[in-house]
Every structure is written in C-alpha cells, then in structure tokens.
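In what follows, a structure is listed as structure tokens, so that the remarks can point back to it.
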Amino acid sequence: MRHSAIILGLAALGVLTLTGCGSDRSPGASSTEFGYSVECPKVEGDRAPLELKEGVVKQTYDMCLQPTKIAYEGKPTKLIWGQTANLRPVIAELRRGEDGKPAIEVTGGSTTYQLTLQARSERIPFLFSVSGLKAEASQVSDVINTSTDMKGELVVPPLRGLGYTDSRGRGSDAGYDQSQSTYATAGKYEDATKESLAREVGEGEMVLNITSVNSQTGQIAGTFKSKQDSGVSVVPGEMEIEGTFVANFKDKQG
C-alpha cells in the first residue's frame with residue numbers, strides 16, 4: 001500500500017511537470033504566422049470622423065503596432081524569437097500641423113522592439129522601430145477619417161555590433177568565449193573591429209493608412225507599411241514591414 005501511494009504521487013508530479021512545460025504561450029496569446037503573439041487591443045470603429053480642432057493636441061499612451069509580414073532585402077522571413085511581436089505601449093500625439101494637415105508624432109514609450117528573423121538559412125537580428133516618427137497627411141483637413149493616410153520618417157537606434165553574443169546564436173562571429181551580452185572588445189583592445197564599435201543611427205519611413213475611426217472613444221486604427229535599416233551593423237540591409245496599428249487618443253491635458 002505504501003509503495004502504491006508513492007508511485008501515484010510520482011505519477012501526479014510527472015503530470016503537473018508535463019502540464020507546466022507543455023506550452024510557453026503567455027496569457028492572452030494567440031497564434032499568428034509569426035508564432036504566438038500577444039495581440040493589439042480590439043478595434044471598435046463607428047465610421048464617424050474624428051474632429052481635429054486647431055490648436056488642440058490629442059495624446060495616446062498606448063499606441064500598439066503589430067507586424068504581420070517582414071521581408072529582409074526583399075526576401076520573406078519567419079519570426080523565430082520574440083513571443084510578443086507587437087510594439088506597445090507607444091506614446092504619440094495627434095494634431096493639425098501649422099499647414100493644416102493632420103499629423104502623428106511619436107514622443108516616447110516603447111518605441112523599439114527586438115526580433116530575430118529566419119530568411120532561408122540565415123538568421124537576422126532586427127530592431128523594429130517607430131522612434132522619432134513624424135507622419136503627416138498629404139491633404140489639409142480638420143478630421144481623421146478612413147480616407148486619411150499619413151507618411152513620415154523615423155530613426156533606428158543601433159542594436160548591436162559584431163561582438164555581441166547570446167543564447168540564440170546572434171553575433172556568433174565573435175566566439176562564445178566573449179559571451180558577455182556586451183560589445184566584447186569595444187574600447188578595451190587594439191583589435192576591436194569597426195563593427196563592434198559601430199553606433200550609427202539608421203533611418204526609415206512609415207506610411208499609416210487609417211481604416212477605422214471611433215469618434216466617441218478617439219480610437220483610430222489601420223494598417224502600416226515601413227522601410228527601415230536593420231539596426232545591426234553586422235547584417236546591414238533594408239527591412240520591409242507590414243502590419244496593423246491601433247491607438248486611443250484623448251485631449252492632452254496641460
């Protein structure tokens with residue numbers, strides 16, 4: 001009887017262990033073509049345009065951008081690291097510019113997100129960015145509606161140099177004897193490579209296409225397309241990102 005109780009206890013422990021290890025999905029995660037990803041908030045449009053009064057600034061503290069398709073130098077890729085592939089929360093302001101055109105400016109929050117992509121046999125570290133985005137509509141208007149498109153430039157902060165290594169093989173050119181999650185030789189040794197010391201800021205541009213507006217809540221949502229540098233000196237190249245975005249704007253206080 002005693003041995004039977006021990007066996008049952010071990011069996012129960014094994015079940016609990018398997019249950020705990022059976023999934024690495026975070027709460028609220030759902031399956032996308034990039035694997036498991038926490039989704040942006042639900043879009044709730046009412047089709048009525050959102051009025052932009054002259055001199056009034058609207059602000060959001062929770063803009064969310066979610067990539068759905070990424071290409072590197074024209075090659076399709078698959079996301080292999082980064083369970084939460086969206087960029088959130090982004091702080092942004094919405095206003096009419098001096099020229100009367102609606103404009104969105106990213107002012108803070110979580111403005112970059114690190115991903116690792118697979119393009120055929122190549123692994124590509126990549127920094128998705130909306131840092132410094134200033135996107136403006138092409139037409140003068142005092143409303144945001146489903147015909148509004150905005151375009152603007154952004155910056156891509158440097159992610160890493162050649163000397164960085166981590167558990168997923170990125171930066172392996174430096175060798176794992178230098179695995180310190182830092183620039184391995186930067187500023188310390190004469191043989192420091194140019195790539196290890198690189199801190200250049202990249203560039204990019206983004207187009208926001210408004211497809212949903214809720215005048216009651218201040219929510220605007222739609223799709224985006226951006227082209228940007230990879231943000232990594234060892235794998236320079238152009239990234240093309242497509243996805244969706246959503247944000248709730250309120251009148252800025254003060």
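What the table shows:
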| read-out | value |
| --- | --- |
| Cut-off under 5 Å, modelled amide H: who pairs with GLY109 long-range | ILE91 |
| Mean Cβ neighbour count within 10 Å, used as a protection proxy, ranking 46-56, 143-153 highest first | 143-153, 46-56 |
| Too-long pairs where the Cα-Cα distance tops 22 Å, listed order kept, from LYS101/LYS250; LYS42/LYS75; LYS42/LYS101; LYS53/LYS227; LYS78/LYS151 | LYS42/LYS75; LYS42/LYS101; LYS53/LYS227; LYS78/LYS151 |
| For LYS252, residues with placed amide H under 5 Å, excluding near neighbours | VAL57, LYS58, GLN59 |
| In range of the label at LYS252: residues from segment 85-121 whose backbone nitrogen is under 17 Å from the point 7 Å along Cα→Cβ | 90-110 |
| Cut-off 13 Å between beta-carbons: net charge of the residues surrounding SER141, Lys and Arg +1, Asp and Glu -1 | -2 |
| Formal net charge of residues neighbouring ASN209 (Cβ-Cβ distance under 12 Å; K, R +1; D, E -1) | 0 |
| Potential extension, THR112-SER212 segment - 0.36 nm per residue separation minus Cα distance | 33.5 nm |
| 5 angstrom amide H check on GLN219, placed H, neighbours 5+ away | ASN214, PHE249 |
| Using θ = phi - 60° and Karplus 6.51 cos²θ - 1.76 cosθ + 1.60, couplings along segment 141-151 (whole Hz; Gly, Pro as x) | 6, 9, 9, 10, 9, 6, 9, 7, 10, 10, 9 |
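FYI, it's all coordinate maths here, none of it is from the lab. Computed from a predicted model, the values in this text were never measured in an experiment. When we count neighbours, we look across all protein chains shown, and the Cβ atoms used for this are built from the backbone with ideal geometry, even at glycine.
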